[in-house]
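Below is one structure, written out as structure tokens; comments come after it.
The values are calculated or read from the model by the stated rules, or taken from the named source; none is laboratory data. Just so it is clear, the structure is predicted and the values come from calculations on it, not from any experiment. All Cβ positions, glycine included, derive from the backbone under ideal geometry; neighbour counts span all protein chains shown.
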């Protein structure tokens, strides 16, 4: 089954120094750009993270300091990568919680504009967890009837995710999606807008610190103000904004907070 694409859809996977969006860095990125015509363009880059790779992380993905010491830094490839991704929607497995936020953070560190707000974000893991609730290797076996060899290789994982998403769309086409609370979320369709709404429509910042509530208003998604309107908290406790801007939060989160704050000032 061929995916119904209006824009190019780029599947990607990252191997990194760790799982902290603010502190960790990319050591390998693989992208598979699928064109509306069906043409596929695959690129894989080893990246020098400029910080040591912890041995416990290297044991998982098999990439050691020695393997990337002569590789380009992210700054070296950032502009060409941004150009390659221009006009493309993004897809992957578990990209919403980690891969997209970290990729955006890397671009922001080197002052390269990479805005995902106008892109469709398709997370095959979220569809899988909604419908079957398992892992990439299990998803590949379940949907494609294949064993995932070389798991934790960025290219193998990326290509497997492409196969999984195609199989998901075919298997669940027309099925209504209902969450654990019985809320109707939508219908699985061969349409990237519909899949984006199922997997990423309530996101405000990529780290998930701010989300949209059922009324489409920005609320905090962590800490003592979880579920509270961001604008209400800023009005009642202005120092909370300053605390977050000085705190250990992703730059994308701080950018979204500033946009909300400025919007509130302009509406007065």
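Which count do you get for residues in segment 179-213 that are part of a loop (DSSP other than H, G, I, E, B), touching a strand residue (DSSP E or B) at 6+ places or on another chain (Cβ under 8 Å) and surrounded by fewer than 19 Cβ atoms within 10 Å (Cβ to Cβ)?
4
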**Study point:** Test for residue 117: is it part of a loop (DSSP other than H, G, I, E, B) and either over 22 Å from residue 168 (Cα atoms) or at pLDDT 95 or above (or both)
**Key:** yes
**Study point:** Meets criteria (touching a strand residue (DSSP E or B) at 6+ places or on another chain (Cβ under 6 Å) and surrounded by fewer than 18 Cβ atoms within 10 Å (Cβ to Cβ)) for residue 73
**Key:** yes
**Study point:** Candidates 21, 32 - the one that is in a loop (DSSP other than H, G, I, E, B) and touching a residue at least 60 places away in the same chain (Cβ under 8 Å)
**Key:** 21
Exercise for review: Return yes or no: is residue 103 buried (at least 21 other Cβ atoms within 10 Å of the Cβ) and out of contact with any helix residue (DSSP H, G or I) (no Cβ under 8 Å at 6 or more places or on another chain)?
Suggested key: yes
Review point. Restricting attention to segment 158-173, does a residue exist that is surrounded by fewer than 17 Cβ atoms within 10 Å (Cβ to Cβ) and either under 16 Å from residue 11 (Cβ atoms) or in contact with a strand residue (DSSP E or B) (Cβ under 6 Å, 6 or more places away or on another chain) (or both)?
Key: no
**Study point:** Residue among 151, 138 that alone is under 21 Å from the mean Cα position of the chain (by Cα) and closer than 20 Å to residue 31 by Cα
**Key:** 151
Point to revise | Single residue of segment 225-254 satisfying the filter (assigned to a helix (DSSP H, G or I) and in contact (Cβ under 8 Å) with a residue 24 or more places away in the chain) that is nearest to residue 116 (Cα to Cα) | key: 252
Check your understanding: Residue check, residue 84 against (1) outside any helix (DSSP H, G or I); (2) modelled with pLDDT of 95 or more; (3) under 30 Å from residue 189 (Cα atoms), all met but one. Which one?
Key -> (1)
Check your understanding: Does segment 139-152 hold any residues that are out of contact with any strand residue (DSSP E or B) (no Cβ under 8 Å at 6 or more places or on another chain) and either surrounded by fewer than 14 Cβ atoms within 10 Å (Cβ to Cβ) or not in a helix (DSSP H, G or I) (or both), and which are they?
Key -> 145, 146, 147, 148, 149, 150, 151
Review point. What are the residues in segment 6-25 that are over 13 Å from residue 121 (Cα atoms) and either more than 13 Å from the chain's Cα centre (by Cα) or surrounded by fewer than 22 Cβ atoms within 10 Å (Cβ to Cβ) (or both), if any?
Key: 6, 15, 16, 17, 18, 19, 20, 22, 23, 24, 25
